[in-house]
1. Which condition does Ala97 not pass, out of (1) in contact with a Pro (Cβ under 8 Å, 6 or more places away or on another chain); (2) hydrophobic (A, V, I, L, M, F, W, C); (3) not in a loop (DSSP other than H, G, I, E, B), if it passes all the others?
2. Considering each residue of region 72-82, count those that are buried (at least 16 other Cβ atoms within 10 Å of the Cβ) and either more than 13 Å from Ile39 (Cα to Cα) or within 15 Å of the chain's Cα centre (by Cα) (or both), and give that number.
3. If you go through region 96-106, how many residues are aliphatic (A, V, I, L, M) and away from ligand 2 (no atom under 13 Å from the Cβ)?
4. Right, Ala35: more than 22 Å from Asp11 (Cβ to Cβ), surrounded by 15 or more Cβ atoms within 10 Å (Cβ to Cβ) and within 15 Å of ligand 1 (Cβ to nearest atom) or not?
Amino acid sequence: MDDCIFCKIADKKISANVVYEDGEVLAFRDINPQAPVHILLIPKKHIPSFMDIVEADKGLIAAIYKAAQKIAGDASVDKKGFRLVVNNGQDAGQAVAHLHFHLLGGRKFSWPPG
Ligand code: 5GP
Ligand code: ZN
């Protein structure tokens, strides 16, 4: 996708503070962090939203979850806790149309979310 900012980050056309990378997953620090730890995990391939995940992506989604476990450990939030969040669509405030998981930690979060 030519005009997708996260595809450009995955292609290294735009720089990002990368904390994890493998063949199909990239994770980098959010440019506007909402917590001391705020990392975005994306598939390198363009998937517009959570609702566009298909059966054939199950290995990819498992890889993202495994990466999230490793990143939570590396960021030392695995014991105290963290949130893994997907915003899907308008009501959730999805701003970037390339699937991403927010890993947020390093402070207490309230429930219900705002
Ligand atoms: P959404 O609201 O779509 O779930 O979240 C998009 C996130 O991407 C936001 O938290 C925003 O700060 C982050 N973001 C947008 N553009 C960039 C960018 O160019 N670089 C980085 N590192 N994060 C970005
Ligand atoms: Zn994209």
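Taken together, the values in this text are just the output of simple stated rules run on the coordinates, not laboratory data. Remember, predicted model here, so these are calculated numbers, not experimental data. In this analysis, Cβ positions are derived from the backbone assuming ideal geometry, glycine residues included, and neighbour counts consider all displayed protein chains.
1. With respect to (1) in contact with a Pro (Cβ under 8 Å, 6 or more places away or on another chain); (2) hydrophobic (A, V, I, L, M, F, W, C); (3) not in a loop (DSSP other than H, G, I, E, B), Ala97 is out only on (3).
2. 3
3. Matching residues across region 96-106 total 2.
4. yes
Residue by residue, here is whether (1) of a type in the set (S, T, N, Q); (2) within 16 Å of ligand 2 (Cβ to nearest atom); (3) more than 30 Å from Trp111 (Cα to Cα); (4) part of a loop (DSSP other than H, G, I, E, B) holds:
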{"site": "Met1", "(1), (2), (3), (4)": "no, yes, yes, yes"}
{"site": "Lys8", "(1), (2), (3), (4)": "no, yes, yes, no"}
{"site": "Ala27", "(1), (2), (3), (4)": "no, yes, no, no"}
{"site": "His46", "(1), (2), (3), (4)": "no, yes, yes, yes"}
{"site": "Met51", "(1), (2), (3), (4)": "no, yes, no, no"}
{"site": "Gly59", "(1), (2), (3), (4)": "no, no, yes, no"}
{"site": "Ser76", "(1), (2), (3), (4)": "yes, no, no, yes"}
